[in-house]
Amino acid sequence: MKKKDFSRLNFLAPVLVFIVIFISWETIVNVFHIPRQVLPSPVNIFKSLFDNFIPLLSSHFLITLRTILTGFVIAVPTGILLGAVLSQYKILEKAISPYVIILVTTPLIVLVPLFMLWLGFGTNVRILAVIAQAIPVIMLNSITGFNSVEKTKLELMESLGATKWQTFVKVTFPNALSHVFTGITLGGVFSTISVISAEIVGGKTGLGNRIIYFSGFIETELAFACILLVILIGVTLATSIGVVRDTVIKWKN
Amino acid sequence: MNDTIIKMQDVEKIYPTKKGPLVAVQDVNFAINKEDFVSLVGPSGCGKSTIIRILGGILDQTRGTVTYFDREFSSGVKGDILSKIGFVFQSHNLLPWLSIKKNLSLPLEIFKLSGAKWEKRIDELLEMVGLTAYKNAYPAELSSGMQQRIGVIRALVHDPEILLMDEPFGSLDSITRELLNFELLSIWQKTRKTILFITHNVEESILLSSRVFVMATNPGRIIEAIDIDLPRPRTQSISNDPRYLEYEATITGLIDQFRGVDAVEEV
Ligand SMILES: Nc1ncnc2c1ncn2[C@@H]1O[C@H](COP(=O)(O)OP(=O)(O)OP(=O)(O)O)[C@@H](O)[C@H]1O
Ligand SMILES: [Mg+2]
């Protein structure tokens, strides 16, 4: 019973915040007569979103979504696999980690123009951007997870004469799962950010491109509508990952 | 016929440390007979865990040999002999991501023992410790006493002849600890396993054992093996037996004598 009350609260709290922001925004825009080109009211943004979604936005929305998901689906297993391999071979990990950190800390936006120089403006470049950005976070978090096994758990497997593979499957991997999911969640966020960045830098399609495009024509409401769609993608992705995590990790430590 | 089933000969373990090699135990020699209940007592850091880990295949000795039955190991115990051993850790050491049932079937999986007979054994062991209702629970849902009971029966699930226990009840409150000690005695009496039990509680060692090995530090070694000749089944009232008090005085005396003057009493 108690647990249920809590989950309702967990759900209600952000909704409440949303309502507060929505109402204050709407009030401020109306009371101060802020011009709609500068800051449109939320009601108008939603209206513009519903009116224009099918004719103007849906194709770009789908392109962006497909790019994110494609990159993500490639990045997740690759990142986990690389993390698993590197954690088992310390020398490899030591050799590669500095470069991975460089890759993570370099703003993607400086790499995308280079990628485009070499590969053109198509979606492949964007998928590459997602992969370049998401794999390292997933990998680094996975490595942390694979390395965080308690010594006594490994000793248990030794006392049973387990093989390295059995130990990995029974102990190291499940032990790493919560870290792996942290990596996947961050990977999802990074994927979304990097696709939008790449679309802003070049090309003629995708929500990122449309944000720039509509802003250029002072169609601020449409630009905001695109931002809303990006948020929708990001939030849905993060929520879905959370649901998968909670079904996989049923135990408490 | 010789019924020695565990033997250590001239075993030495040296740990490489930052300050150089550390001799944890040296010249360890003993033999344990079938169905013995041997306790290993000694001050903290004398190398009790080192010895039992070598026996359990977790550590490799630096020198000397370990013999199980007629098989001699000069560089670490490994292979199918491990299926004849059950190891109980100081912490319950259950895997939090597996249900109690899955935790108990882990040794069966690793030792490739499958079939209804072994499934049934899991149920029997759960029943023996009164935890049948928790078969599908996760370890986090159990109290620490229950977790430790599962830790003990996990070591029994593949029906090993030998049980190695490294301070198995050391982290429990004294009431639960006493309860589990008596449970262990009844398990031993029923199943006739050969047990090596580590504790630094002298009273516990006398209550449980047929023999007590006393250890000293610097370097870690066994200084005395004492036969405990007290009637069984043993109950709390054993501590009134004059021979019990004698054993206690002897063992405590030995430990103190080898501990040196500046040592602090430990609980
Ligand atoms: N992995 C290790 N590396 C280096 N030194 C170690 C290691 N394990 C144990 N030692 C050292 O070896 C000695 C014996 O340790 P051991 O754990 O066997 O003692 P113990 O008798 O089990 O002590 P306690 O009663 O506290 O559990 C100690 O001095 C300890 O510091
Ligand atoms: Mg110890």
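The values are calculated or read from the model by the stated rules, or taken from the named source; none is laboratory data. Quantities reported herein were computed from a predicted structural model and do not represent experimental measurements. Here Cβ is always computed from backbone atoms with ideal geometry, including for glycine, and neighbour counts include all displayed protein chains. Keep in mind that these areas ignore ligands, DNA and RNA; they rest on the heavy atoms of the full protein, side chains included. Shrake-Rupley method; radii C 1.70, N 1.55, O 1.52, S 1.80 Å.
Under the condition of being surrounded by fewer than 12 Cβ atoms within 10 Å (Cβ to Cβ) and not in a helix (DSSP H, G or I), the residues counted in segment A:38-74 number 1. One residue stands out in segment B:139-170 among those that are crowded, with 18+ Cβ neighbours inside 10 Å and farther than 26 Å from B:L40 by Cα: the one that is farthest from the other protein chains (Cβ to nearest Cβ), namely B:L142. If the condition is being within 24 Å of B:L180 (Cα to Cα) and either among the β-branched types (V, I, T) or open to solvent by 50 Å² or more (accessible area, probe 1.4 Å) (or both), then segment B:224-238 contributes B:I226, B:D227, B:I228, B:D229, B:P231, B:R232, B:P233, B:T235, B:Q236, B:S237, B:I238. With respect to the conditions (1) open to solvent by 90 Å² or more (accessible area, probe 1.4 Å); (2) farther than 17 Å from A:E221 by Cα, A:V17 lacks only one, and its number is (1). Filter segment B:10-23 down to residues that are open to solvent by 70 Å² or more (accessible area, probe 1.4 Å) and away from ligand 2 (no atom under 16 Å from the Cβ) and give me whichever is nearest to B:I52 (Cα to Cα). Top of the filtered list is B:D10.
One residue stands out among those in segment B:1-41 that are at pLDDT 95 or above and among the small types (G, A, S): the one that is farthest from ligand 1 (Cβ to nearest atom), which is B:A31. When segment B:206-223 is filtered for residues that are away from ligand 1 (no atom under 13 Å from the Cβ) and either assigned to a helix (DSSP H, G or I) or crowded, with 23+ Cβ neighbours inside 10 Å (or both), the ones remaining, listed by number, are B:I206, B:L207, B:L208, B:S209, B:V212.
Within segment A:153-162, the set of residues being under 36 Å from the mean Cα position of the chain (by Cα) and either within 7 Å of chain B (Cβ to nearest Cβ) or without any contact (Cβ under 8 Å) to a residue 12 or more places away in the chain (or both) comprises A:K153 only. A search for C-beta distances below 9 Å between a residue of segment B:148-167 that is within 16 Å of ligand 1 (Cβ to nearest atom) and any residue that is of a type in the set (V, I, T) and not in a strand (DSSP E or B), counting only pairs 6+ apart in sequence or on different chains, returns B:L164/B:I52; B:M165/B:I52; B:M165/B:V152; B:M165/B:T199; B:D166/B:I52; B:E167/B:T199. Of the listed requirements (1) at pLDDT 95 or above; (2) open to solvent by less than 40 Å² (accessible area, probe 1.4 Å); (3) within 29 Å of A:L81 (Cα to Cα); (4) of a type outside the set (S, T, N, Q), A:G161 misses just one: (2).
Residue-level analysis places A:S178 among those that are among the hydroxyl-bearing types (S, T, Y) and open to solvent by 20 Å² or more (accessible area, probe 1.4 Å).
Would it be correct to say that A:K204 is over 30 Å from B:P107 (Cβ atoms), open to solvent by 70 Å² or more (accessible area, probe 1.4 Å), in a loop (DSSP other than H, G, I, E, B) and of a type in the set (K, R)? So A:K204 passes the test.
May I ask you to say which residue of A:V189, A:V169 is open to solvent by 50 Å² or more (accessible area, probe 1.4 Å), within 23 Å of the chain's Cα centre (by Cα) and not polar (S, T, N, Q)? Being open to solvent by 50 Å² or more (accessible area, probe 1.4 Å), within 23 Å of the chain's Cα centre (by Cα) and not polar (S, T, N, Q) holds for just one of A:V189, A:V169, which is A:V189.
Whether a residue is open to solvent by 20 Å² or more (accessible area, probe 1.4 Å), more than 14 Å from chain B (Cβ to nearest Cβ), farther than 16 Å from A:G71 by Cα and assigned to a helix (DSSP H, G or I) was assessed, and A:I218 does not pass this test. The condition of being in contact with a Pro (Cβ under 9 Å, 6 or more places away or on another chain), away from ligand 2 (no atom under 16 Å from the Cβ), more than 14 Å from chain A (Cβ to nearest Cβ) and in a helix (DSSP H, G or I) holds for only one of B:I251, B:I255, B:I238, that being B:I238.
Do we have B:N136 as open to solvent by 10 Å² or more (accessible area, probe 1.4 Å) and within 14 Å of another protein chain (Cβ to nearest Cβ) here? The answer is yes for B:N136. Determine, yes or no, whether A:V180 is within 14 Å of another protein chain (Cβ to nearest Cβ), assigned to a helix (DSSP H, G or I) and among the hydrophobic types (A, V, I, L, M, F, W, C). So A:V180 passes the test.
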